[in-house]
1. Search region 763-789 for residues being in contact with a Gly (Cβ under 7 Å, 6 or more places away or on another chain) and farther than 17 Å from Gly533 by Cα, and hand back the single one that is least open to solvent (accessible area, probe 1.4 Å).
2. Consider Val346 carefully, then state whether it is in contact (Cβ under 8 Å) with a residue 60 or more places away in the chain and surrounded by 15 or more Cβ atoms within 10 Å (Cβ to Cβ).
3. Sort through Leu275, Leu307, Leu311 and tell me the only one that's open to solvent by less than 50 Å² (accessible area, probe 1.4 Å), modelled with pLDDT of 95 or more and farther than 30 Å from Val723 by Cα.
4. Go through (1) exposed (fewer than 15 other Cβ atoms within 10 Å of the Cβ); (2) touching a residue at least 40 places away in the same chain (Cβ under 8 Å) one by one and return the number of the condition Thr449 breaks.
5. Pick out, from region 712-805, the strands (runs of 3 or more DSSP E) lying fully within it that include 1 or more residues that are touching a Ser or Thr at 6+ places or on another chain (Cβ under 9 Å) and modelled with pLDDT under 90.
6. Given the structure, is Val291 over 30 Å from Arg606 (Cβ atoms) and either of a type outside the set (Asp, Glu) or in a loop (DSSP other than H, G, I, E, B) (or both)?
7. Determine if region 566-574 includes at least one residue that is among the hydroxyl-bearing types (Ser, Thr, Tyr), open to solvent by 30 Å² or more (accessible area, probe 1.4 Å) and in contact with a Phe, Trp or Tyr (Cβ under 8 Å, 6 or more places away or on another chain).
8. Could you tell me whether region 258-265 includes any residue that is closer than 27 Å to Gln434 by Cα and open to solvent by 20 Å² or more (accessible area, probe 1.4 Å)?
Amino acid sequence: MRILATLFCLLLFFALAGAGGVLYVFYHYGQGLPEYGQLADYEPPTVTRVHAGDGRLLAEYATEKRVYVPISAIPRRVVNAFLSAEDKNFYSHPGVDFLSVVRAIVTNIANYGTSRRPVGASTITQQVAKNFLLTNEVSYERKIKEAILAFRIEQAYTKETILELYLNEIYLGLGSYGVAAASLNYFNKSLDELTIAEAAYLAALPKAPNNYHPVRKYDAAVARRNWVIGRMLEDERIDGAEAETARGEPLRVRKPDATQVVEAEYFAEETRRELARLYGDDSLYAGGLSVRTTLDPRLQAIAERALRGGLINYDRRHGWRGPLHQLALEEGADPQALLAEIEPPVGSDENWQLALVLATEGKYAEVALADGSSGRIPMAEMKWARPWLEEQRIGASPKKPSDVVEAGAVVLVEAVSEDAEGEAYEEGSYALRQIPDVNGAIVALDPHTGRVLAMVGGYSYARSEFNRVIQARRQPGSAFKPFVYLAGLDSGFTPATLILDAPFVLDQGAGLGKWKPANYTMKFYGPTPMRVGIEKSRNLMTVRLAQTVGMEKIVDYARRFGVMPDLEPVLSMSLGAGETTLMNMTTAYAMLVNGGRRISPTLIDRVQDRHGRTIYRHDLRACEGCLAETWSGQAPPQLPDEREQVADPASAYQVVGMLQGVVQRGTGRRIAELGLPLAGKTGTTNDNIDTWFIGFSADLAVGVFVGFDEPRTLGPKDTGSNVAAPVFKSFMAEALADQPAIPFRIPPGIRLVRMNAETGQLARPGDRRVFLEAFQPGTEPTGRQVVLDGGYNPNTGSTAASGTGGLY
């Protein structure tokens, strides 16, 4: 008995000592552990998706591409696969599986001294503790902390919550965080479509995804997958037949379907900048935002084609700048090998390809292509390639292929099947191509809301990320004039008011010389109706009108319309000498056609957080009637118009009418060929450096800018009317095709009077060129008119020209 008592006392002592040791370890290592309560509010980094207006994907931003799925939406077969592979006793242990720990210790002791990898015994709860709260340090201290945290986590959270955290956090290779992303990346399936074999493969990955790559390490991947299937069978999570079928299933990886992505790089980048400004980089790249933008993919594609086509056409008119490379062709050289060493230029069209000129004979240039094929460039496809000269001038027309290229030239070509007259070419014919060195931009927006529907900031985003819609500040030239004329209309003048078109000289002060503005034609036209001044873009008339109404008033209008917030009050600014952006100009024109109401351009309609809550809306108007779940005959909801009135609607409409005359009879008359109710204004700066066309239909405002990034002349005869206006025309022709022709909306208080377009006087019976002019009540012409000469008599308040009494 004494021996038994002694043994009992010894066992009790060691038990108490062991328990004390365990308590001490828990106390010692349990101090200062991370707060596991943060797991309750855990929101893993998830991808932010930006969508076009029709719902198609525009861009994704993420540090970890993860799709978070609640445990209730994860199929049981997927859960079972991970439980069998990682923690079969998950639902019965308190956070640490002691039986597995003992088994691992015994196994590792038996394997000591061998090359076998040590066996672990971490439970899913321990992995959650490590992944969320600890580091990946390999040490006994970390394992102890991991166990302590696992006990605490099990006390605080349900098993289902722990599983949800684990299955959404783990990294499974191929950039996949969480089981949902892995299912898509490996098998192009949602979780509920996975087979047992596919679920088992995903469950085989947590320990070391790279060791079981489905292509590079196929055999190891299949073996590991089959091991998981065996564990599932052993745990009775599947039956024998299912296991046999799963083992026999080949491991096939399927690339994710090509998502319907809208290509709009400049728009996407500007949206990214705006989101970063609103919410910061952390929310942008990890917040799981869902963003609906204003982009109209159809109009965006049209804008891309119109701008690229316009820039290419301008570039071809200004000559050939030579081949990309000139190689010395040696006898027996392999053209394909030579081309393989040359990188295609950034920004070339997707249909263009590199070609090496082999010979120039007769009416063709023989070429070899990078794919090993050969072809020829007909002389008809090289006639445009006159040599480029300084100041955007061109040399003599080429007569034969050798005038353009010679053997060894590396050029860009595009396959063609017929010539300009529609005559068929023989197979293997190519046209000579050249990337423009000029650049430009186009933007289209809804004039009633400010929603940006399309935006192209340059010829190629890959070539230059500089967005010329938003970031380029250039002189608008004559495109600014409508705001001078608007100020004149609000000062009591009318579109029929006569303004003197004659020499104008202004002494600028000591040592500054005299300012002598001139018309583009270098001619003078005498007293001319205001309407003609804007239709023909007469500088001298504009300056005189600005001097009459006062530059302070014009500065105010430029600020009100957001064209230039700090315009200098000097007369040269009335001709567009200040700097602004294409977005500002297009928005300002939109405020003319919408009746003078303020709008702010926006690229974002709505932003929702990861939980689907709307955290941003561009349109903040309340609409209780919009919340009705069903329609039961009630009237559609009426939204209040809260837009600020920045100009008299009647005056704004008069400007719209005059801008319509620009298209019908003035500098934009090439657009009249479309036969649509369109209006707009050209803009050209000194030395033809910047060219613009800003215009609109009743429900679409569009702005175009073309110029060199490093300002220089576009050519002696290149203006807004033949450089920018064709881009606008091309866009509108396609954008408004099959659309009803909607006339400009006439506001209350406007009287339409028949006028003679040639004389600017009231129309008489038998007059041919008659149009309807808009007048405000009491301003209709009576037959007697004064002529504005830019002078102002403060004693009488008169702006009439002197000498003849102003009667014309």
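1. Gln776
2. No; evaluated as a whole, the condition is false for this residue.
3. Of the residues listed, the single one that is open to solvent by less than 50 Å² (accessible area, probe 1.4 Å), modelled with pLDDT of 95 or more and farther than 30 Å from Val723 by Cα is Leu275.
4. Only one criterion in (1) exposed (fewer than 15 other Cβ atoms within 10 Å of the Cβ); (2) touching a residue at least 40 places away in the same chain (Cβ under 8 Å) is unmet by Thr449, namely (1).
5. 787-793, 798-800
6. Answer is no for this residue.
7. yes
8. yes
The values are calculated or read from the model by the stated rules, or taken from the named source; none is laboratory data. Nothing here was measured: the structure is a model prediction, and the numbers come from that model. Neighbour counts run over all protein chains shown; Cβ positions are idealised from the backbone, glycine included. Each accessible area value is taken on the protein alone, full model and side chains, heavy atoms only, with ligands, DNA and RNA left out. Shrake-Rupley method; radii C 1.70, N 1.55, O 1.52, S 1.80 Å.
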